[in-house]
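Below is one structure, written out as structure tokens; comments come after it.
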């Protein structure tokens, strides 16, 4: 009987997989939903009778995992890169020109693979010997979250590939929620009296990041694959368009609107066609993507930091909407900056409901003449914080109220001052101000500062509101019992946080200086100060003239540092940190034989893909180089990553050599070799 059951189970699985492929990949079903359900019911019944015959890749096992307590971390063996964005025709033409110049192909038009840019969640799926073994979110591009159970629940994702797939195949794509399914899901939520989702992207991301796979399975999700990461035992097709065709042959879904177009004019024509069809597409998009079709040319073009030189995301224009300014409030930041924020009548724009918008500073408020009660135009592009573009002057009411800078902090009541020549007004309360204290503690605990794992925003907020922590030094007096009394904080979490706080006692001087939150002292400036003075006592004793002898420290930053350490309250915090056992080794200048990059100054700008800023800085300084925060004629190299901005422009204007991350890695590697 078992052999007979095995044969029938194999037949049913093969039949169901065939119909999954017809329905989800080819969009050409051969049977009705009722007939499909009948096949699935029979398979479930047989597997229930013979549990020893159940396999992980059976169609019945899409939701077979128990709820998770948390997501495991996945390190991407090949980083998941982001794309450079373009918002205008001129930017797209400039991209094409750069590509052709690098390929020495100025005389001819290139073939580009073009496809819609889905507004979903980037995902990586790994198949070993044709079977789905792991799925992970993009995360920061280097590390993501293991969401294997949830991706298995998406019917468009094959659990077992068709044909003869390679021994190892990692595919990459986008999980999205079809608009029709999104509408149905929200209608059902309304009928149940539950909260609805704002947009399909948030709904898709929330579904993938559910700890209970059964909830993910209940959401109407789709997936399109558009590339590969790590592979073994496979010759990747010579063109991207051929790669997509081969992925489809393996049973994987790719976007049906993908095309190969010729040259820049073909790209722009495709953008216009997709833009015109955007409202009719069954899924949400925010632009299109162009990729050089030939893979050998992709390899020749290479990458710059987190973005390939051979691909571009051409985004649709930012969404705008009109609404009313209900109020203007002033928020207080970590350095005391008092920032005006417009509280708006909620309006749907750019795929989300917006109720707040930044006004930057009081000069910006006055320049745009924004008043409470005004009708204003709000703009939101992608994930950028919404901003007030302009006032609709013709709709201003007589009772519209001008906005004035408060004389006293709205949080602590300390005087608000605005130094001559500065656009930002600041609260003078320091740690006495709860708002500044809250942000200062978050900054102190950040990964690049003291790196206190588990000390998140919600915990910091409670510590400040209950007045349990008045400065970073007070963190080291907290015990597990006190922390366990906080909301959403159990005994185990409290013990873990106490351990993390204790571990942060052992740190470095650059991390400490950065963590103290001195105005305009970022990581590179903190490192420069630490290297120059060696320890904090010499730094605290330095005057502004001595501080300006430090590379990357000008009169403005020197003034901020000197005033910070002249404040008795700040000196008391440093003393208290030491009293609680926070310590760091003194910094000595590397010996000449250990400083092959001695005398060279590097500036890092933009986002790096393989290295964090911190890791790159540590690698350079370990070889004797200085890492500065600003570009000057004395700069030896500027390392430009993704979204490099004004520093890159200044480097080009001054003729400073500009290198990318790969060139930086080559420099580091060559200097590490003995005898190089």
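Quick note: the coordinates plus some simple rules give every number you see, no bench work behind them. The structure presented is a predicted model; accordingly, all values stated were derived computationally and were not measured. With ideal geometry, Cβ positions are generated from the backbone for all residues, glycine too; neighbour counts draw on all protein chains shown.
Assorted remarks:
- The mean sequence distance of close C-alpha pairs (under 8 Å, at least 6 residues apart), as a share of the length of the chain, puts its relative contact order at 10 percent.
- Here the stretch 85-315 is treated as a Stokes sphere of Kirkwood radius computed over C-alpha pairs; at 25 °C and 0.890 mPa s its diffusion coefficient rounds to 131 µm²/s.
- D (Stokes-Einstein, µm²/s), Kirkwood Cα radius, the stretch 345-480, 1.306 mPa s at 10 °C: 88 µm²/s
- Ranked by the mean number of other Cβ atoms within 10 Å of their residues, highest first, the peptides 216-224, 611-619 come out as 216-224, 611-619.
- Coordinate range of the alpha-carbon atoms in the stretch 592-672 per principal axis, descending: 34, 27, 18 Å.
- When peptides 274-282, 151-159 are sorted by average Cβ neighbour count within 10 Å, with the highest value leading, the order is 151-159, 274-282.
- Estimated inter-spin distance, residue 87 and residue 38, nm [label 7 Å along Cα→Cβ]: 5.6 nm
- Helix axis angle, 240-249 relative to the chain longest principal axis, alpha carbon, degrees: 50 degrees
- Projected onto planes of every orientation and averaged, the convex hull of the alpha-carbon atoms in the stretch 516-636 covers 8.3 nm².
- Ordering of 164-172, 119-127 by burial proxy (mean other Cβ atoms within 10 Å per residue, highest first): 119-127, 164-172
- The calculated FRET efficiency for residue 646 paired with residue 4, based on their beta-carbon distance and R0 = 51 Å, is about 0.10.
- Taking the C-alpha atoms of the stretch 2-61, convex hull volume expressed per residue in Å³: 72 Å³
- In degrees, nearest ten, helix 555-566 long axis to first principal axis of the chain (Cα): 80 degrees
- Segment residue 493-residue 140, extension gain: residue separation times 0.36 nm, minus the distance between their alpha carbons: 124.6 nm
- Listed values [x] 78, 76, 45; [y] 86, 69, 59; [z] 88, 72, 60 include one computed from this model; for Cα extents along the principal axes in Å that value carries the label [y].
- With a simple spin-label model that places each label point 7 Å from the Cα along the Cα-to-Cβ direction, the separation between residue 187 and residue 364 comes to 4.2 nm.
- Enclosed volume per residue, in Å³, of the convex hull spanned by Cα atoms of the stretch 75-204: 180 Å³
- Taking 0.36 nm per residue of sequence separation and removing the Cα-Cα distance, the residue 390/residue 467 pair yields an extension gain of 23.7 nm.
- Each of residue 300 and residue 636 was given a label point 7 Å from its Cα along the Cα-to-Cβ line. The distance between the two points is 3.3 nm.
- Here the gap between residue 101 and residue 520, fully extended at 0.36 nm per residue and compared with their Cα-Cα distance, gives a gain of 146.9 nm.
- Pair-distance profile P(r), taking every C-alpha pair of the stretch 159-208, with 5 angstrom steps and integer %: 4, 17, 20, 16, 10, 9, 10, 7, 5, 2
- Efficiency of FRET between residue 277 and residue 11 - r from beta-carbon atoms, R0 60 angstrom, step 0.05: 0.90
- Diffusion of the stretch 509-579 by Stokes-Einstein, at 20 °C in a medium of 1.002 mPa s and with Rh set to the Kirkwood radius over alpha-carbon pairs, works out to 181 µm²/s.
- For the pair residue 417 and residue 615, a Förster radius of 30 Å applied to the C-beta separation gives a FRET efficiency near 0.20, rounded to the nearest 0.05.
- Relative contact order [Cα under 8 Å, 6+ residues apart], the stretch 509-579, whole percent: 28 percent
- Computed [θ] at 222 nm, deg cm²/dmol, the chain (DSSP H ≥ 4; -39,500 (n - 2.57); rounded to nearest 500): -10500 deg cm²/dmol
- Overall, the ratio between the Cα radius of gyration of the stretch 320-402 and 2.2 N^0.38 Å, rounded to two decimals, is 1.04.
- Distance between the stretch 601-662 and the stretch 441-481 - C-alpha centres, whole angstrom: 32 Å
- Spatially, the stretch 164-219 and the stretch 107-126 are offset by 21 Å when compared through their Cα centroids.
- Degrees between helix 179-191 axis and first principal axis of the chain (Cα, 0 to 90, nearest 10): 80 degrees
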